[in-house]
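Engineer: Before we start, here is the structure in question, set down as structure tokens.
Please treat every number below as a calculation from the coordinates, not as lab data. Computed from a predicted model, the values in this text were never measured in an experiment. Neighbour counts run over all protein chains shown; Cβ positions are idealised from the backbone, glycine included.
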Amino acid sequence: MAQKFYKNCLDYPFQVDLIHKKKKLIKRELLDRETFIEKRIAILGGSTTSEIKDILDLFLLKEGIQARFYESEFNKYYEDILFENPSLEDFKPDIIYIHTTEKNILVSTKITDSVEEIERIIQDEIARFTSIWDSINRDYNCIIIQNNFELPRTRVFGNLDCWDIHGRSYLIQKLNSGFAHYAQANHNFYINDIHYLSAWFGLEKWHDKRFWYSYRYAVSYDAIALLSHNIAKIIRAIYGKQKKCLVLDLDNTIWGGVIGDDGPDNIQIGKETAIAEAYSAFQQYVKDLQGLGILLAVCTKNNFDIAKEGINHPDNILKHKDFVSFKANWDPKYVNIKGIAEEINIGLDSLVFIDDNPAERDLMRAQVPDVEVPEIGSEVIKYIEFIDMGGHFEPASLSQDDLQRNRFYEDNAQRNNFQATYADYGEFLESLEMVAEIKPFVPMYLERINQLINKTNQFNLTTKRHSFTEIKAVSQDRRNIALYGKLIDRFGDNGLISVIIGSIRENDLHIDIWVMSCRVIKRDMEFAMFDELVRTCVTHRVERIIGYYYKTIKNEMVAEHYALMGFELVEEQEGKASIWKFEIPQNYYNKNQTIKVNA
């Protein structure tokens, strides 16, 4: 029963009644896992938020985020920020979520107002919200999630309402535009797009007058799960818990028909029929995801040559070269998907598996529970909706490294093929002609640094997560040493792939964060980073480096990292955590012998 509630309720499409009625049971089930990241979330509501908080709690637990909540009094969102608030200050929020809606717009326009008067009214309302956000940035230095505004259910002006300067819909569009401009200029500010959500859900169902007048909920009972899930998607993305790779079946998943039986000339793809066009639309959606840096893979039961012939059909939008891994054989799919994860060196919990066959979906869930398996059904017209509304690939932001991720993996495949030509691994590393840039944080890389810290699970010694504002503060504090590492070799640019952050206390440097992308593991980049860290410590008159390792299910590969660097074990806590120290010698010799640094 526990798994039934967990799977059926919190996966899209949500079973709203069960979520609300069984939320305590679901929470107990979700808490039965080994590790969470803990976050403090303040909810400042312009309307009642208690049920929103409870359902948001469930969606966050599902993503491995255990939240402590602060909840404002009814409609006290403005006062809580602009006036002295010891309880919120003591709470020290990581995130402040401002739940305002169309009902919290304090201004209105009259039919007699001029263009100038209306523009002033709009700017004054934007300024009211901006004062809240600026105060949060100044006093709390935390992430802000702000609702934009949904459209009203009724329109006095009818169709004029959206474009006449006196219309309520026009006013809302202008306010939403102002919110968007603020988001574009502030990295720690995220919009919870209820303008879209309410339109998708339907304004008639989104607004519930009885629910508003009776309980002061600005959204309907049925919309709360959708709203809470949308907030959870943003938080999940901020802390790097979104998925990285979409794994696809072929027959009746990306084309109609069975390639082995029907042959390439008879599969449904292209524009000739309605069903063929639906499959083409799905492929285009997948191709667009790839453009955002999502990796694509194939996992299908088929003869490899026949599957490849199908994927290279001239009407296919997706081609063989689009996939970083292509498993077409008769092995169980759960075996192949494990191979895909190993091949591209990412965790199983980074994969989303799409298959039209319900038996294959159930088997995948049973054998590899870490893999996300949406219950997409067998109608191709619904595939996009299930992936899109599930929010598996929700980005918090887009960096240049995101857009180039597929090229990084293509280059890695060339490196692996090249490695096979060398008997000696050291000679292989030399032949890569690697050049690294290892320097203190600079503003232009802070977004990527933040992303790398929050997404990296395997080569991550402390598993600490930071927001953009925290990273920015670290970079500006002279009591910290913060280094980034970029790596280029003969096959291309690996991008920014390593980060070390340490805090100086007296003559010691305490390593708070050390992460490195799995793309460059075993390339000696960890040695190059440590060499530069030691040099930087010497300039800061640091005599000793203290390292910390906090064990998780995913980071066991770095359990002996400090020993490899020459650290001495100071303390170990039952295999769960360890503390290490490195006394910086007067004559330090570089550990890295293959990478040219800052050449």
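Engineer: For segment 1-95, which chymotrypsin sites (Phe, Trp or Tyr not before Pro) are both in a DSSP coil and crowded by at most 14 other Cβ atoms within 10 Å?
Structural biologist: Those that pass, being in a loop and sparsely packed, are 74, 83.
Engineer: Could you sort out which of 205/382; 23/551; 233/576; 233/472 sit more than 25 Å apart by Cα distance in this structure?
Structural biologist: Correct reply: 23/551; 233/576.
Engineer: Can you figure out the FRET efficiency of residue 315 with residue 359, using R₀ = 30 Å and their beta-carbon distance, to the nearest 0.05?
Structural biologist: Taking R0 as 30 Å, the efficiency between residue 315 and residue 359 is 0.55.
Engineer: Can I ask one more? If you take every DSSP beta bridge fully contained in the chain, what fraction is antiparallel? Give it as a percent rounded to 5.
Structural biologist: Close to 50 percent.
Engineer: What does the extension gain come out to for residue 134 and residue 598, with contour length at 0.36 nm per residue minus their alpha carbon separation?
Structural biologist: Net length gain for the segment: 163.2 nm.
Engineer: Shifting gears a bit: What full-extension length gain, to one decimal in nm, is calculated for residue 329 and residue 35 as 0.36 nm per residue of separation minus the Cα-Cα distance?
Structural biologist: 102.3 nm
Engineer: Now a separate question. Using just the alpha carbons, could you tell me how many Å³ per residue the convex hull of segment 33-238 encloses?
Structural biologist: So the per-residue hull volume is 125 Å³.
Engineer: List 54, 32 from most exposed to least, where exposure is judged by having the fewest other Cβ atoms within 10 Å.
Structural biologist: Ascending number of Cβ neighbours within 10 Å: 32, 54.
Engineer: Once whole DSSP H runs in the chain are found, which of them have Cα atoms spread over 20 Å or more along the helix axis and a mean Kyte-Doolittle score of at least 0.0?
Structural biologist: Result, helices passing both filters: 224-238, 525-539.
Engineer: Cα-based Rg (one decimal) and Dmax (whole number) for the chain, in Å?
Structural biologist: Just the Cα atoms of the chain yield Rg and Dmax of 26.3, 83 Å.
Engineer: To the nearest 20 Debye, how big is the dipole of segment 33-238 about its Cα centre, given +1 on the beta carbon of each Lys and Arg and -1 on that of each Asp and Glu?
Structural biologist: About 480 debye.
Engineer: Dipole size in debye (nearest 20) for the chain around its Cα centre, Lys and Arg Cβ +1, Asp and Glu Cβ -1?
Structural biologist: With only Lys, Arg, Asp and Glu charged at Cβ, the dipole is about 1020 debye.
Engineer: Per residue of segment 480-495, what does 6.51 cos²θ - 1.76 cosθ + 1.60 with θ = phi - 60° give for ³J(HN,Hα)? Whole Hz please, x for Gly and Pro, Karplus curve as stated.
Structural biologist: 10, 10, 9, 10, 10, x, 10, 9, 10, 9, 5, 9, x, 8, 7, x
Engineer: Separate question: May I ask for the percentage of alpha-carbon pairs in segment 496-599 that lie more than 20 Å from each other?
Structural biologist: Percent of Cα pairs beyond 20 Å in segment 496-599: 38.
Engineer: Quick check: pseudo-label points 7 Å beyond the Cα along Cα→Cβ at residue 576 and residue 50, how many nm apart are they?
Structural biologist: Taking the simple label geometry, residue 576 and residue 50 are separated by 3.5 nm.
Engineer: So, in nm, how far is label residue 569 from label residue 103 when the simple model puts each one 7 Å beyond its Cα toward the Cβ?
Structural biologist: 6.0 nm
Engineer: What is the dipole size for segment 245-390, taken about its Cα centre, with +1 at each Lys and Arg Cβ and -1 at each Asp and Glu Cβ, in debye to the nearest 20?
Structural biologist: The dipole of segment 245-390 has a size of about 320 debye.
Engineer: Also, quick follow-up: Starting from segment 199-307, pick out the GluC sites (Glu not before Pro) whose DSSP state is loop and whose Cβ has at most 13 other Cβ atoms within 10 Å.
Structural biologist: 272
Engineer: Just to confirm the filter: which trypsin sites (Lys or Arg not before Pro) across segment 526-599 are DSSP coil and have at most 14 other Cβ within 10 angstrom of their Cβ?
Structural biologist: Within segment 526-599, the qualifying trypsin sites (Lys or Arg not before Pro) (loop, at most 14 other Cβ atoms within 10 Å) are 541, 576.
Engineer: Right, another one. Can you tell me, using C-alpha contacts under 8 Å and at least 6 residues apart, the relative contact order of the chain as a whole percent?
Structural biologist: 10 percent
Engineer: Which whole-number percentage describes the relative contact order of segment 423-597, with Cα contacts under 8 Å and a sequence gap of 6 or more?
Structural biologist: Normalised by residue count, the contact order of segment 423-597 is 25 percent.
Engineer: Further question on the same structure: Just to be sure I understand: of the beta bridges DSSP finds with both ends in segment 245-390, what percent are antiparallel, rounded to 5?
Structural biologist: Within segment 245-390, antiparallel bridges account for around 5 percent of the total.
Engineer: Along the positive direction of the dipole of the chain (beta-carbon charges: Lys, Arg +1; Asp, Glu -1; about the Cα centre), which of 504, 122, 529 reaches farthest?
Structural biologist: Final value for the positive-end residue is 504.
Engineer: What's the exposure ranking of 33, 519, going from fewest to most Cβ atoms within 10 Å?
Structural biologist: Ascending number of Cβ neighbours within 10 Å: 33, 519.
Engineer: Want the number for residue 196 to residue 421: 0.36 nm per residue separation, take away the alpha-carbon distance, what's left?
Structural biologist: Gain in length upon complete extension: 75.7 nm.
Engineer: Net charge near residue 49: determine it from the other residues with C-beta under 14 Å of the C-beta of residue 49, scoring Lys and Arg +1 and Asp and Glu -1.
Structural biologist: Net local charge, residue 49 excluded: -2.
Engineer: Mind listing the Cα extents of segment 448-565 along all three principal axes, in Å, largest one first?
Structural biologist: 40, 28, 27
Engineer: Hey, with R₀ at 51 Å, roughly what FRET efficiency would residue 281 and residue 24 work out to, going by the Cβ-Cβ distance, to 0.05?
Structural biologist: Computed FRET efficiency for residue 281 and residue 24 comes out at 0.80.
Engineer: Something else about it: What whole-number distance in Å separates the alpha-carbon centres of segment 559-579 and segment 333-391?
Structural biologist: A separation of 36 Å, based on Cα centres.
Engineer: Per DSSP H run of n ≥ 4, the term is -39500 (n - 2.57); total these for the chain, divide by its residue number, and report the mean residue ellipticity at 222 nm rounded to 500 deg cm²/dmol.
Structural biologist: -12000 deg cm²/dmol
Engineer: May I ask you to sort 365, 505 by Cβ crowding, counting other Cβ atoms within 10 Å and putting the fewest first?
Structural biologist: 505, 365
Engineer: Also: Let me check against my output: what whole-number percent is the relative contact order of segment 286-334, with C-alpha pairs under 8 Å and at least 6 apart?
Structural biologist: 50 percent
Engineer: Kindly list the residues of segment 149-190 that lie in the label zone of residue 115, defined by a backbone N under 13 Å from the point 7 Å along the Cα-to-C-beta vector.
Structural biologist: Under cut-off, by backbone N: 165-166.
Engineer: Set the Förster radius R0 to 22 Å, insert the Cβ-Cβ distance between residue 303 and residue 366 as r into 1/(1 + (r/R0)^6), and round the FRET efficiency to 0.05.
Structural biologist: 0.25
Engineer: While we're here: Which of the lysines could a cross-linker bridge to residue 110, judged by Cα under 18 Å and excluding same-chain residues fewer than eight apart?
Structural biologist: 174
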